[in-house]
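Values in this text are rule-based calculations from the coordinates and carry no lab data. Not measured: the values here are computed from a predicted model. Note: ideal-geometry Cβ built from the backbone for every residue, glycine included; neighbour counts use all protein chains shown.
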């Protein structure tokens with residue numbers, strides 16, 4: 001996620017936060033959050049809470065990288081495509097005068113949503129549980145309030161004290177309480193949203209149940225003796241590579257320096273007269289992640305950022321692209337009945353996963 005409050009370009013911590021946010025909330029997978037969208041704005045506090053925990057891991061030398069894990073990439077990519085299909089079917093249903101065909105599109109959207117939920121759950125199984133159900137619940141209430149729709153069921157509030165979503169340290173917010181549980185903002189004037197936007201709202205409203213399930217699943221894996229998420233690179237290796245990259249940039253004459261480490265452990269560097277050249281070089285190199293272990297560029301003239309990289313990437317996989325949100329269409333929707341279907345889609349996906357988890361549990 002990129003917002004105006006972030007001073008740097010998307011770094012490894014941003015990408016890791018994106019991956020955990022998407023997999024552990026099921027919200028707008030592969031899309032950039034838009035601060036002008038009330039639902040996105042509410043969910044930003046969830047992103048910031050996850051980012052704070054990822055950054056804390058990094059500062060403690062315990063960063064777990066999952067965004068470039070091939071399985072996580074695949075599952076998130078599948079989820080993104082499935083949600084695009086769901087939105088397309090909802091758009092088609094909203095404009096279909098034939099009620100039979102409209103119902104067929106609605107049913108196809110339900111199936112696609114369940115497919116996306118399953119893919120997101122699979123991606124989350126490779127990650128440390130990071131999402132805070134408390135923060136997600138506050139965000140969901142804020143989103144529902146802004147959209148003037150019923151608030152989510154009090155899933156989090158009714159959990160027993162011994163539940164992993166309550167007891168686990170990973171479930172606790174890192175944001176200050178006044179932000180993590182802030183009351184809903186006043187509702188702005190609303191206009192008729194597109195079905196795709198309605199779907200995003202449904203995802204936000206169902207996100208508390210998803211967050212709770214993340215911690216339930218993590219506890220179940222622990223109970224079954226599964227090892228904790230290890231990431232694609234050992235945390236110590238990450239720290240060593242970064243330290244060397246900073247040292248290379250420091251010792252290189254020039255203010256803007258690009259640094260790369262190839263799979264054969266060879267370091268190379270380039271000096272650029274301006275950031276635009278470094279941006280172009282980085283963009284070209286990062287398109288072929290199999291050719292490097294690490295790539296970054298630094299601006300030593302920017303005291304607010306240096307010695308942190310302006311952008312960096314570990315080359316153990318290709319990160320899922322974060323794309324801009326599509327602009328709403330001005331075309332009127334003629335079938336308003338389909339809106340009633342949307343609210344149940346995300347919840348149906350969560351319910352399907354809950355049923356699948358029960359069936360998958362080993363006998364006692």
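Tabulated data
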read-out: Euclidean distance between Cα centres, the range 130-170 to the range 220-259, Å; value: 32
read-out: Overall form of the range 235-314 per C-alpha gyration tensor (a/c, 1.5; a/b vs b/c); value: oblate
read-out: Segment residue 62-residue 103, extension gain: residue separation times 0.36 nm, minus the distance between their alpha carbons; value: 9.9 nm
read-out: Cα-projected label distance for residue 301 with residue 36, points at 7 Å along beta-carbon direction, nm; value: 3.2
read-out: Length-normalised contact order of the range 235-314 in % [C-alpha pairs under 8 Å, at least 6 apart]; value: 29
read-out: Inter-centroid distance (Cα atoms) of the range 260-301 relative to the range 33-61, Å; value: 27
read-out: Relative contact order of the range 15-77, defined on C-alpha pairs under 8 angstrom at six or more residues apart (%); value: 43
read-out: Global form of the range 28-93, assessed from the alpha-carbon gyration tensor, a/c cut-off 1.5; value: oblate
read-out: The range 126-245 - percent relative contact order, Cα under 8 Å, separation 6 or more; value: 39
read-out: Anisotropy class of the range 1-118 from Cα gyration tensor, a/c 1.5 cut; value: prolate
